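Visitor: Below is one structure. I have some questions about it.
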Amino acid sequence: MSQRIIYCDHNSTTRTDPRVADVMHQAAVEVFGNPSSGHRFGQQARALLDKSRSQIAAYIGAKPSEIILTGTGSESDNLAIFGSLYAPDATGRHLLTVATEHHAITHSADWAQRHGFEVTILPVDSRGHVDPDDFARALTPTTRLASVMLANNEVGTIHPIAQLATIARERGVLFHTDAVQAMGKIPVNVDDLKVDLLSLAAPQEAARVGAMAKDLRYRLAHQLDDIEFFGDPDNCLPNTVGVGFGGVDGESLAIALDLKCICVSTGSACMTGAAMPSHVLQAMGVSERYLRGSIRFSFGRENVPTDSAAIADTVIAEVQRLRKMSPVRV
Ligand SMILES: Cc1ncc(COP(=O)(O)O)c(C=O)c1O
């Protein structure tokens, strides 16, 4: 019997639920009309779009007319940033954001800066939190938009968005939150969060995957020394375990785990190809030792309860083997 492959990298991306794929296929081949066309095919497509907008809106407490469908989460983040900065009625030219945002935000902020906008990037503490007082102080009369993610994709830290958005609103500043990683894992409601703009991507289940992540965390903490968990354990996405293994190279460990049929990520997915240290962990002040040996486990729909023990056993064996074979001395 072939060994089951355990995919534990759901924060990078997730397999499409076959039921969703069926509905998408059916829509593509049957409801192909241009929703702006007046004939029956167009009307059929318009009705389906309206229904989708209503369902998404109901899920997050918004109005259907407030939903803009984009191709990806990055596209939605880009639209929020550039749509706000370049809106015809925009007066301020200042953008405020945070060092641990996804690259869809930080790269947009870099671009804005190169094109004449003023940009402030707020630092975070060792758990990945931004200080609300720092946030309030950084708002200026010319701030057009503040953008702070709801939950971080690498370490899972959840930001107090309602508190930050209220501060921004009192100062007349638009507030955007990137909820791409939070959707389906923690409650997301635009009124509770008090945001003007929110980016999201497709849902998954929370309680079941949370139990697996908790179990993995417990096993690693009790059976391995010289490790550091990243993020805020009291305020974190339930499915995410970011951890640094001292004396180990994270890339080598991820490859060793892949050979044992366990798929995980080192830092964020987009960093892997570039082999650069994670900007999120750097902003949190993680020491070189644990930065070098960082791995992200992120559970999702296809994981089963026995996965956490299977992952823990393999990780522990591989960390011990790598430490003996080629210890990393930082
Ligand atoms: C927090 C966050 N924002 C934005 C994105 C970008 O989404 P997409 O890959 O759909 O462009 C991701 C992707 O993982 C993410 O985790």
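Where a number appears in this text, it was derived from the coordinates with a stated rule and is not lab data. Remember, it's a predicted structure, so these values are computed and weren't measured experimentally. Heads up, the Cβs are rebuilt from the backbone with ideal geometry, glycines too, and the neighbour counts pull from every protein chain shown.
Visitor: Kindly provide the Kirkwood hydrodynamic radius of region 152-289 in Å, to one decimal, from all pairs of distinct alpha carbon atoms.
Guide: This gives a value of 16.8 Å.
Visitor: Tell me, rounded to the nearest percent, the portion of alpha carbon pairs in the chain spaced more than 39 Å apart.
Guide: For the chain, the share of Cα pairs beyond 39 Å comes to 19 percent.
Visitor: Separate question: Give the calculated FRET efficiency between ARG321 and LEU69 to the nearest 0.05, with a Förster radius of 45 Å applied to their Cβ-Cβ distance. Walk me through the numbers before you get to the answer.
Guide: On the way: r = 47 Å, r/R0 = 1.05.
With R0 = 45 Å, the Cβ-Cβ based efficiency is 0.40.
Visitor: Quick check: net charge around ARG15, other residues with Cβ under 13 Å of its Cβ, Lys/Arg +1 and Asp/Glu -1?
Guide: Computed value for this residue: -1.
Visitor: Regarding region 279-330, what's the average projected area of the Cα-atom convex hull, expressed in nm²?
Guide: Reported value for the Cα convex hull: 4.8 nm².
Visitor: In addition: Listed highest first by mean packing, meaning other Cβ atoms within 10 Å per residue, what order do 106-114, 65-73, 286-294 come in?
Guide: So the peptides 106-114, 65-73, 286-294, ranked by packing, come out 286-294, 106-114, 65-73.
Visitor: Same structure again: Once you have the Cα-Cα distance between GLN282 and ASP125, take 0.36 nm times their residue separation minus that, and quote the gain in nm to one decimal.
Guide: Gain on stretching GLN282 to ASP125: 55.5 nm.
Visitor: Mind checking the dipole of the chain: about its Cα centre, +1 per Lys or Arg Cβ, -1 per Asp or Glu Cβ, Debye to the nearest 20?
Guide: 440 debye
Visitor: Where does the charge balance sit around HIS176 when Lys and Arg score +1, Asp and Glu -1, over other residues with C-beta under 10 Å from its C-beta?
Guide: Overall, the nearby charge balance is -3.
Visitor: Right, something else. Which residue, GLY300, ALA28, GLY116, has the largest displacement toward the positive end of the dipole of the chain when charges sit on each Cβ (Lys, Arg +1; Asp, Glu -1)?
Guide: ALA28
Visitor: Sorting check: for 85-97, 158-170, which peptide has the highest mean count of neighbouring beta carbons within 10 Å, and how do the rest follow?
Guide: 158-170, 85-97
Visitor: I would also like to ask the following. For a test of the definition: using alpha carbon positions, the gyration tensor, and the 1.5 limit on a/c, classify region 70-199 as rounded, prolate or oblate. Show your work: numbers first, answer last.
Guide: Numbers: a/c = 1.36, a/b = 1.22, b/c = 1.11.
The shape class here is rounded.
Visitor: Counting only other residues whose beta carbon sits under 14 Å from that of PRO327, what net charge do I get with K and R as +1, D and E as -1?
Guide: Around PRO327, the charge tally is +2.
Visitor: Sticking with this one: Please say if region 215-330 is rounded, prolate or oblate, where rounded means a/c under 1.5 for a ≥ b ≥ c the square roots of the C-alpha gyration tensor eigenvalues, and otherwise the choice is prolate for a/b larger than b/c and oblate otherwise?
Guide: Rounded, because the longest to shortest axis ratio a/c is under 1.5.
Visitor: Per DSSP H run of at least 4 residues, take -39500 (n - 2.57); add these up for the chain, divide by its residues and hand me the 222 nm value, nearest 500 deg cm²/dmol. Write down the numbers at each step before the final one.
Guide: On the way: 13 runs with 142 residues, N = 330.
One gets -13000 deg cm²/dmol as the mean residue ellipticity at 222 nm.
Visitor: Against the globular-protein guess of 2.2 N^0.38 Å, express the Cα radius of gyration of region 38-128 as a ratio, rounded to two decimals.
Guide: In units of the 2.2 N^0.38 Å rule of thumb, it is 1.43.
Visitor: Which FRET efficiency value, to the nearest 0.05, do you get for ASP17 and PHE82 by plugging their Cβ-Cβ distance into 1/(1 + (r/R0)^6) with R0 = 30 Å? The partial results should precede the final answer.
Guide: Working: r = 31 Å, r/R0 = 1.05.
Step by step, r from the Cβ atoms, then E = 0.45.
Visitor: Any chance you could run the full-extension gain for LYS260 through GLU118? It's 0.36 nm times the residue separation minus the Cα-Cα distance, nm to one decimal.
Guide: Taking 0.36 nm per residue and subtracting the Cα distance, the gain is 46.3 nm.
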